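The values are calculated or read from the model by the stated rules, or taken from the named source; none is laboratory data. Small disclaimer: the values here were computed from a predicted structure and weren't measured. Note: areas computed on protein heavy atoms with side chains; ligands, DNA, RNA excluded. Shrake-Rupley method; radii C 1.70, N 1.55, O 1.52, S 1.80 Å.
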Amino acid sequence: MAKLKIGGTWAGVLEEVDLQAWTLATLRDHVAARSNTPSDSINLICAGKILKDDTVPPQTLAQLGVKSNAKILATRASTPQQGHSFLAQEERSSRLARIRAAANAMAERHADGALPVEDFNIEVEDQNGQKVRLGSETDQRAVMMGLMLHAKGKRLIRQGNYKDALEVLSMGEESFSLCDPKVIELIDNVPILQIDMVWCYFMIRDIKWLSDAGKRLEMAREGIERAHGKDSFRLRLLQGGRYPELALHLRLELLEGVVAYHTGQFEKSKQTLASARTKFIQLQVPDEALSLVMSMGFAERDAKRALRMNNQDVGGAIDFLAEEKTKKLRKREEDIRRRNEIKEQKRYGMTPLKKAVDLERLKELVSIGFDKELAAEALRRNENDTQKALDDLTNPETNSALQVNIESRKRKRQKAARDSEIEKVVQMGFERSRVVAAFEAGGSLDEVLQRLTAQPGTDPMQPRENSASASHGGASSSAPLPDNVDADLAMYKVEDHSKTEQRDVEMEDELSADIAKADALADYDIEVTVEGEAITEYLALVESASCRGETVPSQ
């Protein structure tokens with residue numbers, strides 16, 4: 001018997017699943033029963049693909065490729081009353097599957113030390129912008145995937161698409177669950193994701209999420225205290241006495257108050273909502289303070305953020321904005337340095353397991369006197385094992401073999417570059433034999449082009465007559481370069497043309513853009529207008545229920 005982990009419409013574990021007997025319809029019925037949803041309105045996604053079975057007789061789950069401990073995402077199709085067609089739901093499910101598959105593919109490529117195939121590189125950073133490596137390669141991959149899906153979910157929340165956001169956040173939660181719990185306890189991303197999921201429940205206004213919301217908020221509060229310290233002491237220390245988490249705690253307390261109200265705990269609801277209202281008042285930016293900060297040349301949004309995170313202190317807000325500007329400049333310089341490092345790594349090639357040469361270990365070998373290129377080749381051959389690389393470098397026989405490999409690879413690169421240049425020039429309309437002969441004569445690309453375009457009497461390699469000149473009964477006295485030659489040459493790059501895996505470039509670009517636009521304090525930068533309205537609404541409901549002496553509130 002197998003076990004299946006379900007996320008999305010219903011989150012939990014199905015025990016004692018007979019993969020050889022259960023069909024897709026059986027699995028759908030079990031999920032439907034637990035989520036109070038009609039069976040025919042549920043779509044199931046596994047490994048980035050929508051599960052479908054149109055065969056007669058139906059295939060079993062095993063025949064469909066479902067394995068024990070597989071992660072299944074359950075999504076609800078919209079009802080006809082909601083005005084969404086089946087086609088639109090299929091498109092939505094397909095898009096969710098693409099988001100999951102793209103996040104998984106990117107996390108795998110960027111967590112294992114392989115050279116990135118994109119124009120960007122994803123690395124995990126702390127709130128000070130320092131690179132961190134959390135746990136094993138598996139943990140790193142799980143955290144990366146969770147962070148990407150969380151960023152995508154937050155974008156969907158900002159767009160007001162709470163249902164899709166909830167599905168994507170569920171995927172992110174599942175990704176984080178694959179990580180070592182001891183690693184997860186070090187970061188606050190998971191409790192913040194839990195709060196974001198309950199915020200989606202609240203904005204959807206679906207009462208049946210109530211019990212799940214209460215559990216998630218308990219986990220979120222415990223997780224934030226673990227990561228930030230008691231009374232946010234650790235966070236306050238890291239942020240120089242600032243209050244970046246105030247808006248996050250406001251949202252948490254509002255949601256706790258809402259859950260308490262709907263479960264009949266009116267006194268608890270009243271106290272929690274009153275605390276949330278106090279924080280809401282603290283976060284209201286005075287016009288005078290805002291005007292002062294903006295007069296220093298800062299944008300309104302940035303000025304408001306700085307004042308909220310500094311308890312409305314103008315001096316602290318200006319210092320904060322100056323620090324943030326310095327951090328951004330430092331981050332830009334670091335990104336340029338990292339891009340240059342990646343270029344260098346590509347020059348050294350990949351290890352047998354397709355990993356990049358470890359530049360830190362390379363620096364160690366260079367610092368004790370070894371030639372950089374030779375040391376890089378030794379690390380490449382030995383999967384970045386420093387001791388084995390040292391053994392090869394200090395052994396005359398293997399050292400000689402390393403040098404032979406380097407020269408051989410140089411010749412291959414030069415030949416590939418030359419062949420590519422020849423192809424470029426041939427595409428300009430010159431005969432291949434004349435182009436090859438021109439390159440064999442030596443010199444730079446400009447000199448080769450000069451030979452090919454020289455007048456007939458000054459060079460034996462005369463340009464080919466084009467159809468226009470031939471039709472006029474004579475060869476052209478000169479063959480000027482086409483207008484687009486310079487542009488073609490400027491775009492030319494020597495690259496590895498080996499086959500790469502099929503990528504969903506569009507979705508990967510979307511995910512990378514979501515991450516690139518975020519910063520270390522984005523999770524705490526919450527506009528609390530909606531929260532303020534909700535606090536007022538629920539305080540009035542609590543007061544009304546208390547006056548009537550109700551024990552269980554109406555839905």
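Largest to smallest in accessible area, the residues 300, 324 fall in the order 300, 324 (1.4 Å probe, all protein chains included).
Over every Cα atom in the stretch 2-77, the radius of gyration and the widest Cα-Cα span, Dmax, amount to 11.1, 30 Å. Rolled with a 1.4 Å probe across the full set of protein chains, the surface gives residue 263 an accessible area near 70 Å².
Hey, if we sort 325, 71 by accessible area with the 1.4 Å probe, largest down, what's the order? Let's see the in-between values first.
On the way: 325 135, 71 45 Å².
Most to least solvent-accessible, the answer reads 325, 71.
Annotation: residue 203 carries an accessible surface of approximately 50 Å², with a 1.4 Å probe and no ligand, DNA or RNA atoms counted.
Counting heavy atoms of the protein chains alone, residue 529 has an accessible area of about 90 Å² for a 1.4 Å probe.
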